[in-house]
């Protein structure tokens, strides 16, 4: 999968110009605040329709703009496609996904182009809230099984219906027995989400452990614990009616990273945490490659001295040659691993690419 | 004058003349509707649908010879639609004299349709009448690759010998 060009309109501070990329590595340099990360974010957004930094779509719009669009040409299996994501904010919020000018539903769209991102914000996977980790699981599963998005949205739909009913019961608008009609569908939707999460966690943990061992990293005892929240809805009914909300289900699942029973985030240093998250990212990449026999795009944001650069170099060298990489750093020296091979170097100033040079 | 007025009249006439069948809730200009009053149809099987416009889809197959019952909606607490807002009571009333031996539930395969099917099943079970649900499966002409997990597991559940 190769992204050959990208154009962003009203996307953060990026100027609406077409950028050409190198099929191997792309090094994006510039002072802080010039838009390096924004460019990576636009690439990630084109593939996933999401940001890797924020869950608030509103923050992606250039100040004062009510529409934004990112478009790019993607080469895959010898076929070039034009992909485009457009958002509209304000009174009507809309998202338009297009491939070659044709509208696509989300699961179809995201299948066409896969991007993995590593960024400092991604430390939330280990350090953040349970919700961050559930999202991490869900995105990972969706990356290798787009149909999972349908299962997830079915679950959220039945959860919302059930919560609305619990509220109605709590306020006297409906009888307790009316839950009977919803519990079966709720349970089966919850099970399909939890089965997928459990299977993915096992696969990921296994790939992760192998990568950590292969690099002889000194932190080796990280365990993945997935605790699905399942309950006998009959036994829970009284409590749920009192709470007026569903008290069990995937929205309360836990994924914990522990070391000898303690949360990894409490035990590890900042640098160790970053390296662990990097390993995690490479484990995700491996699961993707195993499934699709092709390499997704890989964006690395803000490589800094805290990260074990020797390990980063080895990890990058271990990627299949066909992997297209995009990386930013405030210090170009940190991107040494990429500068050694064929690459393009883009300098960003104030949202505009001022120099773009190819080193073959 | 002319076409526009004729069209306006036609719309008005439809609005005035179309009524709900008092037996099955289908849209009709005579009561009972053409299906309910057709002596060639089998009154021992009732197919339950959410809306009247679901009936032509099933009729097109020409495979179903029984009767219909239109619920006029599906359960949806988010829209404030509860059991009293859909016509399950009318269905139960049609079943109580006996003579019906199968109810086919053909509500939509989404979460609202599923909950509605569960509700109907719970109401009918005490009557000892056979209840069936339309099979879910893979779209004909579709690719296995594009099936979501629920569709796939429903299709597996409903597999048959060949």
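What to note about this one:
- Taking the criterion of being in contact with a strand residue (DSSP E or B) (Cβ under 8 Å, 6 or more places away or on another chain), without any contact (Cβ under 8 Å) to a residue 60 or more places away in the chain and on the phi < 0 side of the Ramachandran plot, the residues of segment B:94-123 that qualify are B:95, B:100, B:101, B:102, B:103, B:104, B:105, B:106, B:107, B:112, B:117, B:121.
- As a summary of the residue check, residue B:23 satisfies the conditions (1) assigned to a helix (DSSP H, G or I); (2) crowded, with 16+ Cβ neighbours inside 10 Å except for the one numbered (1).
- Residue A:37 within 15 Å of residue A:83 (Cα to Cα) and at pLDDT below 95: no
- Candidates B:125, B:69 - the one that is under 23 Å from residue B:33 (Cβ atoms) and either at pLDDT below 95 or in contact with a helix residue (DSSP H, G or I) (Cβ under 6 Å, 6 or more places away or on another chain) (or both): B:69
- If the condition is being in contact (Cβ under 8 Å) with a residue 12 or more places away in the chain, surrounded by fewer than 18 Cβ atoms within 10 Å (Cβ to Cβ) and not in a helix (DSSP H, G or I), then segment B:54-69 contributes B:64, B:65, B:66.
- Any hit, segment B:71-80, residues being farther than 18 Å from residue A:162 by Cβ, more than 14 Å from every other protein chain (Cβ to nearest Cβ), buried (at least 17 other Cβ atoms within 10 Å of the Cβ) and in contact with a strand residue (DSSP E or B) (Cβ under 9 Å, 6 or more places away or on another chain): no
- Selection count, segment B:108-142, where residues are closer than 30 Å to residue A:163 by Cβ and either within 11 Å of chain A (Cβ to nearest Cβ) or assigned to a helix (DSSP H, G or I) (or both): 18
Quick grid of which residues meet (1) within 8 Å of chain B (Cβ to nearest Cβ); (2) farther than 19 Å from residue A:288 by Cα:
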position: A:166; (1), (2): no, yes
position: A:172; (1), (2): no, yes
position: A:196; (1), (2): yes, no
position: A:199; (1), (2): no, no
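- Residue A:245 out of contact with any strand residue (DSSP E or B) (no Cβ under 6 Å at 6 or more places or on another chain) and either more than 30 Å from residue A:175 (Cβ to Cβ) or away from chain B (no Cβ under 14 Å) (or both): no
- Meets criteria (within 14 Å of chain A (Cβ to nearest Cβ), buried (at least 17 other Cβ atoms within 10 Å of the Cβ) and either under 30 Å from residue A:145 (Cα atoms) or at pLDDT 95 or above (or both)) for residue B:86: yes
- Any hit, segment B:150-157, residues being over 15 Å from residue B:75 (Cβ atoms), more than 12 Å from every other protein chain (Cβ to nearest Cβ) and under 19 Å from the mean Cα position of the chain (by Cα): no
- Exclusive hit being within 15 Å of residue A:50 (Cα to Cα), within 14 Å of chain B (Cβ to nearest Cβ) and either within 10 Å of the chain's Cα centre (by Cα) or at pLDDT below 85 (or both), set A:117, A:142: A:142
- Count of residues meeting criterion [surrounded by fewer than 16 Cβ atoms within 10 Å (Cβ to Cβ) and facing another protein chain (nearest Cβ under 9 Å)] in segment A:146-163: 1
The values are calculated or read from the model by the stated rules, or taken from the named source; none is laboratory data. Just so it is clear, the structure is predicted and the values come from calculations on it, not from any experiment. Methodologically, a virtual Cβ is constructed for each residue, glycine included, from the backbone with ideal geometry; neighbour enumeration extends over all protein chains shown.
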